[in-house]
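S.K.: Got a structure for you, written out below as structure tokens; questions coming shortly.
No lab work stands behind these numbers, since they all come straight from the coordinates. Values in this document were obtained by computation on a predicted structure and should not be read as measured data. A quick note on method: Cβ atoms are made from the backbone with ideal geometry, for glycine too, and the neighbour counts reach across all protein chains shown.
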Amino acid sequence: SRTTYSQVYQGKTVKVSTVSLKKGDLLFWGSKSSPYHVGIYVGGGQYVHAATPSQGVRKQYLSSYFWPSTAKRVI
């Protein structure tokens, strides 16, 4: 699916920990019923996401300050 709201309902739920995540897993911020952001895990504790329109796509490290609420593996 194209939107964050529909993507969060697809795939298998994965524990949000750097041990459990695999490259390509989708990371969601916000509640499952109302996610407001999505990124893609790329390994090594990092993810890519479109931060803001002015910043564009960025690769960042996961942090406790901005920790995802859920993760999904879609295969």
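S.K.: Which far-off residues, 5 or more places away or on another chain, put their amide H under 5 Å from the one on V14, with H placed in the peptide plane?
M.R.: Correct list: A71, K72, R73.
S.K.: As an exercise, use a Förster radius of 22 Å and the Cβ-Cβ distance of Q55 and T3 to find the FRET efficiency, rounded to the nearest 0.05.
M.R.: Numbers: r = 21 Å, r/R0 = 0.93.
It comes to 0.60.
S.K.: Which residue fluctuates the most in the chain, going by a Gaussian network model with Cα springs under 10 Å, if the choices are S34, S20, S54?
M.R.: Between S34, S20, S54, it is S54 that shows the largest mean-square fluctuation.
S.K.: Skipping prolines and chain starts, which residues have an amide H placed within reach, meaning under 5 Å, of the one on L62, given they are 5 or more residues away or on another chain?
M.R.: It is Q46, Y47, by chain and number.
S.K.: Right, next: Can you check what the Kirkwood hydrodynamic radius comes to for the range 4-73, Cα pairs only, in Å to one decimal?
M.R.: 12.0 Å is the Kirkwood radius here.
S.K.: Still on this structure: Which is the longest stretch in the chain that no exposed loop site breaks, taking sites as trypsin sites (Lys or Arg not before Pro) with a DSSP loop state and at most 15 other Cβ atoms within 10 Å?
M.R.: That gives 33-75 as the longest site-free run.
S.K.: Another question, then. From the phi angles alone, apply the Karplus equation (6.51, -1.76, 1.60; θ = phi - 60°) to the range 6-21 and give each ³J(HN,Hα) in whole Hz, x where the residue is Gly or Pro.
M.R.: Taking θ as phi minus 60°, the curve returns 8, 5, 5, 9, 9, x, 9, 5, 10, 4, 7, 8, 5, 6, 7, 6 Hz for the range 6-21.
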